[in-house]
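The values are calculated or read from the model by the stated rules, or taken from the named source; none is laboratory data. It should be emphasised that the depicted structure is a prediction, and the values quoted were computed from it without experimental measurement. Note that we place each Cβ from the backbone using ideal geometry, even for glycine, and neighbour counts take in every protein chain shown. Side chains included, ligands, DNA and RNA excluded: accessible areas come from the protein's heavy atoms. Shrake-Rupley method; radii C 1.70, N 1.55, O 1.52, S 1.80 Å.
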Amino acid sequence: MTEAGSAEKGGAAVWLLALGQTLIYAGCYYSFPALLPELEAATGWSKGALALGPTLAFLIMAGLTPFTGRLVDRGLGGEMLVWLPGLAALGVAGLGLAGSLAGWLALWAVIGVAQSGSLYETCFAFLTRRLGAGARGAITRVTLVAGFAGTVAFPLGHWLGRVFGGQGALVAFAGLVALAMPLNAVAVRQLRRRERAGLVLPPTPPGVVRAALRKPAFWIIAGGFLAVYLNHGILITYALVLFADRGAAPGLAALAAACIGPSQVAGRLILLGAGARVTTAQAVMVSLGGAVLAGVLLWLAGITPWLIFAFALAQGAGIGLTSILRPVLIAEVLGRQGFGAISGAAAVAPILASAAAPSVGAGLLALGGPGLVYAVCLGLALAGLGLMGVLLAGRERAVAESG
């Protein structure tokens, strides 16, 4: 690769950001499920009470993401990527010392503030601002590495929980999050050299978010990804329950659930290998088609439980691609001017869906059992696919008419 080509793709800086995202997700996002049994034993609080913390963090993150997106547009994305992991680390460390449920929730609120400016949304907006059309490959590489955050967190949590207990293990995870600060600092400095080399970024004009909100495409994108993220959140939260309903033994169910994460990485690897040969529109339809196929396979697993592995492959690969394709699709359809603010506004819907998924899934199980969950989740996947089909078909017609 030439020096110019390496710079266009972001070079080593992208891999440093990828490692930073892996550490933050492992320490903030996956540490909670990895340590849930130990935390329940250490605190004496119920699973539901403990889960209020991550839900609160998601809600705060949803509320702040449009604001942090505007900060990226103002050139402050790098500062958030460098400093907010430190705030997240303090919050996670505090969880290890929390002695009351009120303190537990207050610390998760702090973590929610930190996550709003240090996770994928900010990282992807920063890369899009710095790399422009070259951001798709960079985003793919970041998610390729960060897809292993759960692979790191669950075995590490198992070991740390046994040695230090649930809350003591959280203090150790906080150190993991803090390591992202120097990695991100080096990456941000390298990517900002592009501006000093003459690639000065134009200022964001006022009113770009209001203009985006007036476009039907914005709401189609938000609604489509809300449906897909709600689908995925419900299925992942209750995967073991649903697999047991399909007749899978506990060990088989756990093994199938463990395949979802690696399947996400596999899907991203295929997209990375395909490169420019596959358009964003084609990749979006394939990814959402994967979610639809997964819903069908889960329903058919009542015939043979082994189909839960096929479900895990289709669901993992499909959702693994959506995390890459969402920012790329927004940039292509709604433009790159004001991308951070527009992307942040569009992210509110899927973040809220992720926060609501456990409660929605519990309600569906109470109302109609697993059968209702299968039907609703398949319907959500079909709705997401249908909305994206309408959007992309309309875009193709507009391009053809303009040509």
Worksheet item: Mind checking the dipole of the chain: about its Cα centre, +1 per Lys or Arg Cβ, -1 per Asp or Glu Cβ, Debye to the nearest 20?
Response: 900 debye
Practice prompt. Compute the signed sum of charges (Lys and Arg +1, Asp and Glu -1) over the other residues within less than 15 Å, Cβ to Cβ, of Ser46.
Written response: -1
Response to the item:
So the carbon and sulfur contribution to the accessible area of the chain, 1.4 Å probe, in percent, is 71 percent
Worksheet item: Which whole-percent values make up P(r) of segment 205-342 when all C-alpha to C-alpha distances are grouped in 10 Å steps starting at zero?
Response: 12, 37, 28, 16, 6, 1
Discussion item. If you count only protein heavy atoms with a 1.4 Å probe, what accessible area per residue comes out for the chain, rounded to a whole Å²?
Written reply: 41 Å²
Discussion item. Are there DSSP H segments in the chain that both extend 18 Å or more along their axis (alpha-carbon positions) and score a mean Kyte-Doolittle hydropathy of at least 0.5? List them, or say none.
Written reply: 11-24, 47-73, 77-95, 101-115, 149-178, 216-237, 260-274, 280-300, 307-334, 339-402
Worksheet entry | Within a Gaussian network of the chain (alpha carbon springs, distance under 10 Å), most fluctuating of Ala357, Ala12, Ala393 | Ala393
Worksheet entry | Among Gly340, Gly295, Gly368: highest mean-square fluctuation, GNM of the chain, C-alpha pairs under 10 Å | Gly368
Worksheet item: Which whole-number percentage describes the relative contact order of the chain, with Cα contacts under 8 Å and a sequence gap of 6 or more?
Response: 26 percent
Practice prompt. Let me know the charge dipole size of segment 1-125 about its Cα centre in debye, to the nearest 20, where only the beta-carbon of Lys, Arg (+1) and Asp, Glu (-1) is charged.
Written response: 180 debye
Worksheet, complete the sentence: The base-10 log of I(q)/I(0) that the Debye equation returns for the chain at q = 0.07, 0.08 Å⁻¹, one scatterer per C-alpha, is -0.31, -0.41
Practice prompt. Could you work out which residue, out of Ala249, Ala355, Ala312, moves most in a Gaussian network model of the chain, that is, has the largest mean-square fluctuation with Cα springs under 10 Å?
Written response: Ala249
Discussion item. On alpha carbon coordinates alone, what is the Rg over Rh value for segment 64-148, Rh being the Kirkwood radius?
Written reply: 1.07
Worksheet, complete the sentence: Of Trp45, Trp159, Trp108, Trp306, ordered by accessible area with the largest first and a 1.4 Å probe, the sequence is Trp306, Trp159, Trp45, Trp108
Discussion item. Could you sort Leu19, Leu364 by their accessible area in this structure, using a 1.4 Å probe and putting the largest first?
Written reply: Leu19, Leu364
